[in-house]
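One structure is given below, encoded as structure tokens.
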């Protein structure tokens, strides 16, 4: 029997903030050719995002089809008049709407930011009454397929995970981390990327490795150290066939040869499943500097894979914000100077790449971000080898602009006004530094097949004070950061990028590039650090305490685990203090200490994190984060307060494009549940053949 506290934690909030992602004016500025390019690419992104349903949970594709069928019967106002009050109350009807909005925005029934399951606030029997009253056979069939799992809160279903920590459709039930590692060792040995794969256990020492592709081919079986691995193509085939089709539709409207070649490689990748084609597409994408319409698509981020190597589908289409991009261009122009100021570079240059690869860094107004969530910034490609080739940084301006003013939890009254006034400005700087100089800095120490290091063999490890040992402090051939650091890799890299932003936030030269000098610059720095302190405390919301099945607690979200470690750096250096009462926690940041003990503590921690990543020292990195992520009894009590005061993350309503009389039309929707539901109806209708439904 599930206890009430667990039910409350996993029930959709009574109300969810819903904002409109406004792209109307930037879209108007496009030429007809650019609009057609954006439209067809957007279609590819949205149809591909249905893969995320199957990457989330067994029941998510069916719930999606259920909701699409439900809201196809009538528009929301008409449905409301049918159901309220004759069948259910207004409160219960709104509960269905908010569950639907939360589900659509996460493309599944687990939160993309936190990986925890959510269920409808309306109870199952009442939802059943709604289904029965509408007398729709397809709706009833879908309900019968998914309702049990939709409402189930069994212990092992509360979160995404493996080895008893939760569920994951990247794998089948019962597979263990050691078994996943065994297959991963084979993949590393033949340089086969896991990004577009899933792994299922067939039998004892027998596994099926599924590769995502529209086309299928005969299964091949390999024997690796006594383990049979069936390599099978065609995972997500129906959805990826639609992705490839819409990308081909975009091809005639490409602005240049780089875009044309990029699309052709995307199509090859989605049709044939070869990750090398996707890597080739990214080379052309990097060369396409300063496009008016920016795009990217593929199996990109590995945050939600409990093992940390498999990518979630995402795709975006956006329009360049020229004014803010000009500011970011100045940051790029001076990037090498600023990277030289990072703490590990003050002792030796061995842990920094020889030459900074100048990226294309743009601020974008998002037309489409099709995945389980919408970030504020991106640094891609994620392939390790590309860090020496190039990358792009993207700041998603209208996502941040959609935020509305509100009173913040955990802050002193005297900080509220300044925090509200400067949050978006400070966060804009933080995202830029995080993406460009955080993810864009540092190198991996590697040894080739002949045992030769890619750094001076006399290099001293600035953490240990000893000479680098190529046997234990270097990546061997076939090893990558993801394959070596596995499920902690994303968190450690996000922590490194966040710490870089803090480390450089005191630079007057950087702040002046964004137009901040004097007291305004001092205030921006203060708010950047206060944002991190508040985020670190809020991270307790994403912490799962130890259980008998999982004796060690864990953070379910990479960014939040990263921020909690920095929160503890702040605590240990005593630049922050907490005032804990029975039902509240208030953070006080001593701004006079930021430039002294604060920056020293952050730089010391950052140096260790960077060197451990550079040398592939997983053991030391895990030990460091264990030290800086303590959640003792006092913090478990604070966690209860954080959970009681948590606010739901905002949901974004995105525009829809369609072609009428040869012209691309942009359709906007209201910033409420009705608008979001309407956008999904317009986008997908009730065609769920790609989901097998």
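Read-outs throughout are calculated quantities, based only on the coordinates presented, and are distinct from any laboratory measurement. Computed from a predicted structure; not experimentally measured. Positions of Cβ are backbone-derived with ideal geometry, glycine not excepted, and every protein chain shown enters the neighbour counts.
Our note on the geometry: Cα centres of region 237-251 and region 641-656, 32 Å apart. If R0 is 56 Å, the Cβ-Cβ spacing of residue 448 and residue 84 corresponds to a FRET efficiency of close to 0.20. For region 464-541 and region 166-212, what is the centre-to-centre distance using only Cα atoms, to the nearest Å? So the two Cα centres are separated by 31 Å.
The equivalent ellipsoid that matches the C-alpha gyration tensor of region 177-237 spans semi-axes of 18, 12, 11 angstrom, in descending order. Of the peptides 179-190, 362-373, 388-399, the order by per-residue mean of other Cβ atoms within 10 Å, starting with the highest, comes out as 362-373, 388-399, 179-190. Full extension of the segment from residue 333 to residue 413, taken as 0.36 nm per residue of separation minus the current Cα-Cα distance, would add 24.9 nm.
For the pair residue 582 and residue 346 in one chain, pulling the backbone fully straight at 0.36 nm per residue adds 80.4 nm over the alpha carbon distance.
Relative contact order of the chain, please, whole-number percent, based on alpha carbon pairs below 8 angstrom and at least 6 residues apart.
Values: 1207 pairs, mean separation 116.2, N = 693.
In percent, rounded to a whole number, it is 17.
Gain on full extension, evaluated as 0.36 nm per residue between residue 623 and residue 353 minus their Cα-Cα distance, stands at 94.6 nm. Modelled spin labels at residue 128 and residue 206, positioned 7 Å past Cα toward Cβ, are 4.0 nm from each other.
From least to most packed, judged by other beta carbons within 10 angstrom and beginning with the fewest, 496, 563 follow the order 496, 563.
Tell me, what is the percent relative contact order of region 278-329, built from C-alpha pairs under 8 Å that lie six or more residues apart? If you can, show how the numbers build up before the last one.
On the way: 52 pairs, mean separation 16.2, N = 52.
The normalised contact order for region 278-329 reaches 31 percent.
Secondary structure note: in the chain, about 70% of the DSSP beta bridges are antiparallel.
Applying 1/(1 + (r/R0)^6) with R0 = 25 Å to the Cβ-Cβ distance of residue 19 and residue 91 gives a FRET efficiency near 0.60.
Using the per-residue mean of other Cβ atoms lying within 10 Å as a proxy for protection, in what order, highest first, do the peptides 568-575, 267-274 fall? Could you put the intermediate results ahead of the total?
On the way: 568-575: 19.5, 267-274: 22.2.
Highest to lowest by the protection proxy: 267-274, 568-575.
Each peptide in 151-158, 606-613 gets a packing score, the mean of other Cβ atoms within 10 Å over its residues, and the list from highest to lowest is 606-613, 151-158.
Distance from the C-alpha centroid of region 7-84 to that of region 571-609: 40 Å, rounded to the whole angstrom.
Fewest-first ordering of 615, 686, 221 by other beta carbons within 10 Å of each residue's beta carbon gives 221, 686, 615.
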